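Below is one structure; the comments refer to it alone.
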Amino acid sequence: MPEAFIYTSTPGRIVFGSGTLAKVAEEVERLGCARALILSTPFQKNDAEALAKELGEMAAGTFTEAAMHTPVAVTEAALEVYNQTKADCVVALGGGSTIGLGKAIAWRNDAPQVVIATTYAGSEVTDILGQTENGQKTTVRDPKIRPETVIYDPDLTLGLPVAMSVASGLNAMAHAVEALYAPDANPVTSLMAVEGLRALKSALPRIVETPEDRDARADALYGSWLCGTVLGAVAMSLHHKLCHTLGGGFDMPHAETHAILLPHTAAYNAEAASAQLARATELFGGDLGGGLYDFARSVGAPLALADFDLRESDLARAADMAVQNPYKNPRDVTRDGILDLLTRAHAGQRPVTT
């Protein structure tokens, strides 16, 4: 008999399939909106402008300055454009940086959101907003942060560079691993988490070998949707606390930091949450932390924090920051334990379950 649990189904509309980019106007209209502000990073500016041209009068304008870790100053600039153009919704085209900006706008003015996901971040289906100000990244959860509609078109990911595909895929996998030992985990979210891990474990090596493989790209989007959905349904723990610490405090790249830390945070909690992690552990050969590290290495993922200019002298301060207001975690979060974890991750060493 399953233990007692509470599961709250998350709202949201998923439009999945090849060619679904063509449905953007239909989805905007479905939300009762008529003037969409299209968001992107500078890297995807041309794509945003092409979408605006396609939408015609339905496009209120574009804002193409979305940035990693959702700086508050960028959000404030985007809000000015939103108000000046008399937009009534946002269309976020891109990955975590753009999605985060759309969420930040919606949290402030309750703007309806359509997301066109072009990476495997998974944040498009959560009610979590992480934003950075004065060198500190904080998170907030609110139902109005979760986008109303998400479009997953595998065709839009065919040109996603392999390195970015791998890093964002491992970022999504981190959501699923952490969801398995979350304090409010339940049988439904755990099933979704394991299936999301399985899908991405299958898809990423195929993407590395053949980046234009549409089936592999679709499987990766499917897996990232599941992984993001479980993150949006349960609480975060140690892994996300560390990533927020390094991202906000040291300007570390988001997806790569998740990818590097995942094997180490999994190893840190492996014994304390052995029952909750059993199916994921089996999926990765009986040693979750080591198996995730070996998998990451096999697909060419980044392995060392040192490769992204985090200095060894910064680790003690990062450990101090991480133990302040820690998220609930299966294993006690201690400064010495976190410093050891970060030291191994900094050097790119294979994790050891302790």
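Criterion first (at pLDDT below 95 and surrounded by fewer than 24 Cβ atoms within 10 Å (Cβ to Cβ)) does residue 314 satisfy it? Answer is no for this residue.
I'm trying to understand the selection: among the residues of the stretch 103-127, which are β-branched (Val, Ile, Thr) and not in a helix (DSSP H, G or I)?
Hits for the stretch 103-127 are 114, 115, 116, 118, 119, 126.
Among all positions in the stretch 281-300, there is at least one residue which is under 20 Å from the mean Cα position of the chain (by Cα) and of a type in the set (Val, Ile, Thr). Beta carbons closer than 6 Å, at least 6 apart along the sequence or on distinct chains, pair a first residue in the stretch 307-334 that is polar (S, T, N, Q) with a second that is part of a loop (DSSP other than H, G, I, E, B) and open to solvent by less than 90 Å² (accessible area, probe 1.4 Å) for 329/237. Residue 185 satisfies every condition listed in (1) open to solvent by 10 Å² or more (accessible area, probe 1.4 Å); (2) in a helix (DSSP H, G or I); (3) under 22 Å from residue 264 (Cβ atoms); (4) of a type outside the set (S, T, N, Q) except (2). For residue 299, the requirement of being touching a helix residue (DSSP H, G or I) at 6+ places or on another chain (Cβ under 6 Å) and modelled with pLDDT under 95 is not met. Restricting the stretch 256-278 to residues that are open to solvent by 20 Å² or more (accessible area, probe 1.4 Å) and part of a helix (DSSP H, G or I) leaves a set whose member that is farthest from residue 197 (Cα to Cα) is 256. Is the stretch 279-293 home to any residue that is assigned to a helix (DSSP H, G or I), over 16 Å from residue 176 (Cα atoms) and open to solvent by 40 Å² or more (accessible area, probe 1.4 Å)? No, the stretch 279-293 contains no residue that is assigned to a helix (DSSP H, G or I), over 16 Å from residue 176 (Cα atoms) and open to solvent by 40 Å² or more (accessible area, probe 1.4 Å). Applying the condition of being of a type outside the set (A, V, I, L, M) and open to solvent by 10 Å² or more (accessible area, probe 1.4 Å) to the stretch 217-242 and asking which residue is farthest from residue 322 (Cα to Cα) yields 219.
Residues that are within 15 Å of residue 74 (Cβ to Cβ) and charged (D, E, K, R) were ranked within the stretch 124-139; the one that is nearest to the chain's Cα centre (by Cα) is 137.
Of everything in the stretch 150-180 that is outside any helix (DSSP H, G or I) and open to solvent by 10 Å² or more (accessible area, probe 1.4 Å), the residue that is modelled with the lowest pLDDT is 159.
Consider residue 203 carefully, then state whether it is open to solvent by less than 10 Å² (accessible area, probe 1.4 Å) and either closer than 21 Å to residue 264 by Cβ or within 16 Å of the chain's Cα centre (by Cα) (or both). No. Residues in the stretch 12-56 that are out of contact with any Lys or Arg (no Cβ under 7 Å at 6 or more places or on another chain), charged (D, E, K, R), open to solvent by 50 Å² or more (accessible area, probe 1.4 Å) and modelled with pLDDT of 95 or more: 23, 26, 29, 30, 45, 47, 49, 53, 54. Residue count for the stretch 139-181, restricted to those that are in contact with a Cys (Cβ under 7 Å, 6 or more places away or on another chain) and among the acidic types (Asp, Glu): 0. On the stretch given as the stretch 128-149, residues that are buried (at least 21 other Cβ atoms within 10 Å of the Cβ) and either part of a loop (DSSP other than H, G, I, E, B) or free of Cβ contacts under 8 Å to residues at least 12 places away in the same chain (or both) total 2.
Return yes or no: is residue 79 at pLDDT 95 or above, open to solvent by less than 10 Å² (accessible area, probe 1.4 Å) and not β-branched (Val, Ile, Thr)?
Against the criterion (at pLDDT 95 or above, open to solvent by less than 10 Å² (accessible area, probe 1.4 Å) and not β-branched (Val, Ile, Thr)), residue 79 does not qualify.
Scanning the stretch 303-325 for residues that are in a helix (DSSP H, G or I) and polar (S, T, N, Q) returns a single hit, 313.
Condition test on residue 67, is it of a type outside the set (S, T, N, Q), open to solvent by 10 Å² or more (accessible area, probe 1.4 Å) and in contact with a helix residue (DSSP H, G or I) (Cβ under 7 Å, 6 or more places away or on another chain)? Before you say what the answer is, go through the steps one by one.
On the way: of a type outside the set (S, T, N, Q): yes; open to solvent by 10 Å² or more (accessible area, probe 1.4 Å): yes; in contact with a helix residue (DSSP H, G or I) (Cβ under 7 Å, 6 or more places away or on another chain): yes.
Answer is yes for this residue.
Of everything in the stretch 247-284, what is within 19 Å of residue 129 (Cα to Cα) and of a type in the set (A, V, I, L, M)? Give them in sequence order. Matches in the stretch 247-284: 252, 255.
The values are calculated or read from the model by the stated rules, or taken from the named source; none is laboratory data. Please read all numbers here as calculations on a predicted model, not as lab measurements. Don't worry about glycine lacking a Cβ; one is built from the backbone with ideal geometry, like all the others, and counts go over all protein chains shown. When the accessible area is computed, the model is the full protein with side chains, heavy atoms only, and any ligands, DNA or RNA have been set aside. Shrake-Rupley method; radii C 1.70, N 1.55, O 1.52, S 1.80 Å.
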